[in-house]
Amino acid sequence: MAKKAQLYVCPFCCKSVDTDRFHYVCEDPECTSRFIARAAGNNKKMRVSVYHPGQEVDVERSFAMNVDPLAPNAVTTPEHIVYYAKDGRCDICHKPLTRRLCPVCHGPIPDDAERGSNIIAVLGAAKSGKSHYTASLIEVLQSDYCIEYNARMDPAVPRTSEVFDILRDRLREGDDKVECTYEPMVYYLTRSDGDSITKHTLAFFDTAAADLESEGNLQAVSTGNLITGAAGLLFVIDPLTFPKVREILRLPPVPQPDYAARLNEIADTIRLRRHQRARDVDIPVAIVLTKIDALMRTSHSPEEDEVLFGPESALNIPRARGVYDETNLMQIDAEVEEYLRRIAGEEFLKAVGRFRPHAFFAVSALGHEASAHSVPVPFRVEDPMIWMMNRR
């Protein structure tokens, strides 16, 4: 009987690949030299750089970066790429290989890939505050969270740090119109709890607005691959886009994204790609209300009570540090769910209910309205991730 393929979802290209078909890297420079000598004049010539002597062209990575492998700006490497590693050994020096690559995009594959991708992805509609939230969340996870939970969070590739630096700098400059990066930021989060070590691959994918706003578009873009293979989703929404909130707070009307339709589209995409007959899906979803600082103040009328989070809100109760404070997070979950029932309606909650389990959260990436050179004071941005990782 043929061995059943074990699949891994690459967080860089969002493709589902067979773990037996990973590519490898041999770090012995002699292997690169010998490969280049052999490749001259045969069908592997594309893999030899004429612009960077002594280096191989990374064809898959070049295609992934939308670059012609034969062009001067093709991605090259001084390390030998092994496409077919028999018994996990280099095809030239025959030494064991440990560094693995996605066969589609040549993104790095973590050591524990056979346990599953365990991707947690951040999604959101246009102008929902997703980019600000993503930047703030990463910064808090790398600092406060890692200290609190005895963890470490490492970028999977150098480019991840570069993309994050762009988002972080815009956040600190008070830029309230951060553009999508279109590149995934992938981190490996390792948490130690006594003798137990838990690893997560966190893929922060700054999805283009059109990916979540065009009817049926998720069926055709790589985002569909990402969410289908994800272990959990964070769906970011802006409460200030709801007409009821804007009316009571006397704010001018703005277009409201159809959050229920987007969630139903995501659920249908997952269900169809996984060939599931049930209407619901078993991927955990955290519904994250952003910009909550604008709603946390004392109300001056019964009407304002409906759309504000006052001093008595569970959001003002500090959670216990260093442990999973389920009581506090579930208090917030119940409060935010009831809040959304009032301002978003039952149709939205029905769409959320298609994901099991699910929970509701409220956060602020900045802690105040965006302004130039103001210091961000993140508020409860880590709560959804704490819940999500404890669910796993």
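The values are calculated or read from the model by the stated rules, or taken from the named source; none is laboratory data. Because the structure is predicted, anything quoted here is derived from the model rather than measured. Reconstructed Cβ throughout: ideal geometry from the backbone, glycine too, with neighbour counts over all protein chains shown. Heavy atoms of the whole protein, side chains included, go into the accessibility calculation; ligands, DNA and RNA do not. Shrake-Rupley method; radii C 1.70, N 1.55, O 1.52, S 1.80 Å.
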| Listed values (i) 1.52; (ii) 1.20; (iii) 1.09, entry calculated as Cα Rg over 2.2 N^0.38 Å | (iii)
| task | Check the chain and count each lysine pair with an alpha-carbon distance under 17 angstrom, considering only pairs eight or more places apart or from different chains. | result | 8
| Along region 223-238, what does the Karplus equation 6.51 cos²θ - 1.76 cosθ + 1.60 (θ = phi - 60°) give for ³J(HN,Hα), rounded to whole Hz, x for Gly and Pro? | 4, x, 5, 5, 5, 5, x, 6, 8, x, 10, 10, 9, 9, 9, 9
| note | Probe 1.4 Å, heavy atoms of protein chains only: per residue, the accessible area of the chain in Å² is 48
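Taking 0.36 nm per residue of sequence separation and subtracting the Cα-Cα distance, how much length would be gained by fully extending the chain between R341 and E27, in nm to one decimal?
On the way: separation 314, 0.36 × 314 = 113.04 nm, distance 5.68 nm.
Going from the current span to full extension adds 107.4 nm.
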| So, with a 1.4 angstrom probe, what is the percent of accessible area on region 72-121 that is carbon and sulfur? | 51
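How much length is gained if the chain between E306 and I147 is pulled fully straight, taking 0.36 nm per residue apart and subtracting their Cα-Cα distance, in nm to one decimal? Spell out each step's value before the answer.
On the way: separation 159, 0.36 × 159 = 57.24 nm, distance 3.71 nm.
Taking 0.36 nm per residue and subtracting the Cα distance, the gain is 53.5 nm.
Would you mind putting 76-88, 24-36, 375-387 in packing order, based on average other-beta-carbon counts within 10 Å, highest first?
On the way: 76-88: 15.6, 24-36: 17.5, 375-387: 20.8.
Peptide ranking by packing, descending: 375-387, 24-36, 76-88.
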| request: Just add up the charged neighbours of E79: K/R +1, D/E -1, any other residue whose Cβ is under 11 Å from the Cβ of E79. | output: -3
| said: Quick query: amide H of R99 versus all other amide H atoms, modeled in the peptide plane; which residues come in under 5 Å with a sequence gap of 5 or more or a different chain? | reply: V25
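Of all DSSP beta bridges in the chain, what percent run antiparallel (nearest 5)? Walk me through the numbers on the way to the answer.
Working: 31 of 50 bridges.
About 60 percent, rounded to the nearest 5.
At a 1.4 Å probe radius, carbon and sulfur cover how many percent of the accessible area of region 296-392?
Numbers: 2380 of 4690 Å².
Ligands and nucleic acids excluded, carbon and sulfur reach 51 percent.
For the peptides 296-308, 11-23, what is the packing order when you average, over each peptide's residues, the other Cβ atoms within 10 Å and list the highest mean first?
Details: 296-308: 13.4, 11-23: 18.5.
Ranked from most to least packed, the peptides come out as 11-23, 296-308.
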| message | Around L272, under 12 Å between beta carbons, what's the net of Lys plus Arg minus Asp minus Glu among the other residues? | response | +3
| said: Amide H of H358 versus every other amide H placed in the peptide plane: which residues, excluding those fewer than 5 positions away on the same chain, fall under 5 Å? | reply: V285
